[in-house]
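Working notes for the structure below.
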């Protein structure tokens, strides 16, 4: 069943310039009374290692970590692909607090359920 208020933002990159859009858009969607979720996949997981997002700050924006904390504080789920962890060889790796590790099928389920899916 489609949830037209669910917007799924999929982050696949660890490039600094591509980190802001899904976080800013998810926060904006939440302020619009929508139901945003962010799913990190592939190389995007590298940003979730402690310290990585602290070191990314572009223009007049806060650091990516500051945006991630605000995103989580707003009640927006940040989901992490377990299969991508395995692909990166991360059997035991620390990630930033409060992200949720989920199976690959979760992405398929969310994409089918979401009113809109955006990829970064």
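Structural remarks
- Scanning segment 17-31 for residues that are touching a strand residue (DSSP E or B) at 6+ places or on another chain (Cβ under 9 Å) and either modelled with pLDDT under 95 or part of a loop (DSSP other than H, G, I, E, B) (or both) turns up at least one hit.
- Members of segment 85-114 found to be over 24 Å from residue 73 (Cα atoms) and out of contact with any strand residue (DSSP E or B) (no Cβ under 9 Å at 6 or more places or on another chain), listed by number: 86, 88, 89, 90, 91, 92, 105, 108, 109, 112
- Yes/no for residue 76 being within 19 Å of residue 101 (Cβ to Cβ), touching a strand residue (DSSP E or B) at 6+ places or on another chain (Cβ under 8 Å) and buried (at least 21 other Cβ atoms within 10 Å of the Cβ): no
- Segment 41-55, residues that are surrounded by 19 or more Cβ atoms within 10 Å (Cβ to Cβ) and touching a helix residue (DSSP H, G or I) at 6+ places or on another chain (Cβ under 6 Å): 41, 45, 47, 53
- Among the residues of segment 44-62, those that are part of a loop (DSSP other than H, G, I, E, B) and either within 26 Å of residue 92 (Cβ to Cβ) or in contact with a strand residue (DSSP E or B) (Cβ under 6 Å, 6 or more places away or on another chain) (or both) comprise 49, 50, 51, 52, 56.
- Only one of 65, 118 that is under 15 Å from the mean Cα position of the chain (by Cα), surrounded by 14 or more Cβ atoms within 10 Å (Cβ to Cβ) and assigned to a helix (DSSP H, G or I): 65
- Residue, modelled with the lowest pLDDT, within segment 85-109, restricted to residues that are assigned to a helix (DSSP H, G or I) and over 13 Å from the mean Cα position of the chain (by Cα): 104
- Per the listing 25, 58, 41, 34, the residue uniquely touching a residue at least 60 places away in the same chain (Cβ under 8 Å) and over 17 Å from residue 96 (Cβ atoms) is 25.
The values are calculated or read from the model by the stated rules, or taken from the named source; none is laboratory data. The structure presented is a predicted model; accordingly, all values stated were derived computationally and were not measured. Methodologically, a virtual Cβ is constructed for each residue, glycine included, from the backbone with ideal geometry; neighbour enumeration extends over all protein chains shown.
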